[in-house]
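Scroll down for the structure; my scribbles are underneath it.
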Ligand SMILES: Cc1cc2nc3c(=O)[nH]c(=O)nc-3n(C[C@H](O)[C@H](O)[C@H](O)COP(=O)(O)OP(=O)(O)OC[C@H]3O[C@@H](n4cnc5c(N)ncnc54)[C@H](O)[C@@H]3O)c2cc1C
C-alpha cells in the first residue's frame, strides 16, 4: 500500500489532557506504521472559529448582503481564501484519513472544531450539489471521530438519560463527514476518562493502540447510497427502494428510518 497520510484535527486546550494522550498515541502508532501524520492543534494555532467576511481576500461579490457560502466558493475558485483556510484545505487534500480528536461538548464537537468545519469545508472544495454523500468530493478518503465524554456509556444508551449515542452522532457523521463523501470509520469513544481509575484509562489507551494497528483497513459504517433518492421528487427515497423496505422491521439508517425502529448501533459499529 502507498504511504498513507493522516490528518488529526485536534481540539483540546491542555497537553496534559486525556485527549492529548489519545492524540499522541495516534501519532505514535500511525507513524510507526509508516504513515505521514499531520496535526492541526486548533487551540495552539488559535484557530479562528467564526465564519466571517475576513475569510475571503479582495473584493466580495455582494458586500451589502454577504453570503458566506457563495463568497467562499468564489474565493476558493479564484484563490482568494484566507491563508489559514488554504493551509487546512491543503492538509485535507493531501490526507487519506482525517481523524477528529476532541472532548464532547454539548453533545457535539467543541466550538473551535465546529468553526474549523464551518470555515474549512467550503462549498466547491468539500461539496457541491452534485457531489455529496456517496458521490461526495472526498469519497476516496476516510474520516472518523475519536472523542471523550463526561458521561458514562450507559447514559448514552437507548434507555439512558442522554438518549442513544447513535442518534447523537448522526448529524456529525452523516451531516458533515458522509455529506462530504468521506467513508466514515466507526467512532472511537473514550467513556468518561475523568471518572474512571488510572488503570482503566491506561486500558482505554491500550485498546485504542490495538485498534490503530488495523484502523486503515477497517470497513466503514454504511449509509444509504445517493442514487437511492429521486432528485425529481425533492430527493425523496425512490419509490422502488421504499417498496423494497416496506416489510422490514427497521429503517435504513438513524435518519432515514421510514417511521420504523432505527437500526441498532449503526453509527457506532461497522457492518450493522
Ligand atoms: C462546555 C462543555 C460541554 C460538555 N458537554 C458534554 C456533553 O454534552 N456530554 C458529555 O458526556 N460530556 C460533556 N462535557 C464533559 C467533557 O466531554 C469531558 O470533560 C471531557 O470529554 C473529558 O476529556 P478530557 O480530555 O478533557 O479529560 P481530562 O480531564 O483531561 O482527563 C481525564 C483524566 O485522564 C488523565 N490522563 C491524562 N493523560 C493520561 C494518560 N496518558 N494516561 C492515563 N490517564 C491520563 C487526566 O490526568 C485526568 O485525570 C462537557 C464539558 C464542557 C467543558
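Every number in this text was worked out from the coordinates using simple rules, so none of it is lab data. Remember, it's a predicted structure, so these values are computed and weren't measured experimentally. Counting neighbours? That spans all protein chains shown, and the Cβs are built from the backbone with ideal geometry, glycine included.
Using the count of nearby Cβ atoms within 10 Å as a rough guide to exposure, how do 158, 198 rank from fewest to most?
Listed from fewest to most nearby Cβ atoms, that is 198, 158.
Which order do 190, 107, 10 fall in if you start with the one that has the fewest other Cβ atoms within 10 Å? Don't skip to the answer; put the middle values down first.
Values: 190 22, 107 16, 10 25.
Ordered from fewest to most neighbouring Cβ atoms within 10 Å, 190, 107, 10 come out as 107, 190, 10.
With a ≥ b ≥ c taken as the square roots of the eigenvalues of the C-alpha gyration tensor of region 217-272, please select rounded if a/c is under 1.5 and otherwise prolate if a/b is larger than b/c or oblate if it is not?
In terms of gyration-tensor shape, oblate.
If I build a Gaussian network model for the chain, linking alpha-carbon pairs within less than 10 angstrom, which residue out of 91, 46, 260 has the largest mean-square fluctuation?
46
Select from 191, 76, 106 the residue whose mean-square fluctuation is largest in a Gaussian network model of the chain (Cα-Cα springs shorter than 10 Å).
106
Using alpha-carbon pairs under 8 Å, 6+ residues apart, how would you state the relative contact order of the chain in percent? Display every interim value, and only then the final one.
On the way: 435 pairs, mean separation 48.3, N = 272.
That works out to 18 percent.
Which order results if 48, 142, 246 are arranged by neighbouring Cβ count within 10 Å, fewest first?
Exposure proxy ranking, most exposed first: 246, 48, 142.
Please say if region 1-119 is rounded, prolate or oblate, where rounded means a/c under 1.5 for a ≥ b ≥ c the square roots of the C-alpha gyration tensor eigenvalues, and otherwise the choice is prolate for a/b larger than b/c and oblate otherwise?
Oblate, since a/c reaches 1.5 and b/c is not below a/b.
Restricting the count to DSSP beta bridges whose residues both fall in the chain, what percent are antiparallel, rounded to a multiple of 5?
Given both bridge residues lie in the chain, the antiparallel proportion sits at roughly 15 percent.
With the cut-off at 23 Å, report for region 5-220 the share of all Cα pairs above it, as a whole percent.
Details: 11325 of 23220 pairs.
Here the tail beyond 23 Å accounts for 49 percent of pairs.
At what distance in angstrom do the alpha carbon centres of region 176-234 and region 1-47 lie from each other?
About 16 Å separates the Cα centre of region 176-234 from the one of region 1-47.
When the helix-only estimate is applied to the chain (DSSP H runs of n ≥ 4, each -39,500 (n - 2.57), divided by the residue count), what is the mean residue ellipticity at 222 nm, nearest 500 deg cm²/dmol?
-8500 deg cm²/dmol
Rounded to a whole number of µm²/s, how large is the Stokes-Einstein D of region 71-159 at 10 °C and 1.306 mPa s, given Rh as the Kirkwood radius over C-alpha pairs?
It diffuses with D of about 106 µm²/s by this estimate.
Over its Cα atoms, what ratio of radius of gyration to 2.2 N^0.38 Å does region 132-272 give?
In units of the 2.2 N^0.38 Å rule of thumb, it is 1.17.
Report the residue, chosen from 224, 72, 108, that carries the largest GNM mean-square fluctuation when the chain is represented by alpha-carbon nodes joined by springs under 10 Å.
Of the options given, 224 has the highest mean-square fluctuation.
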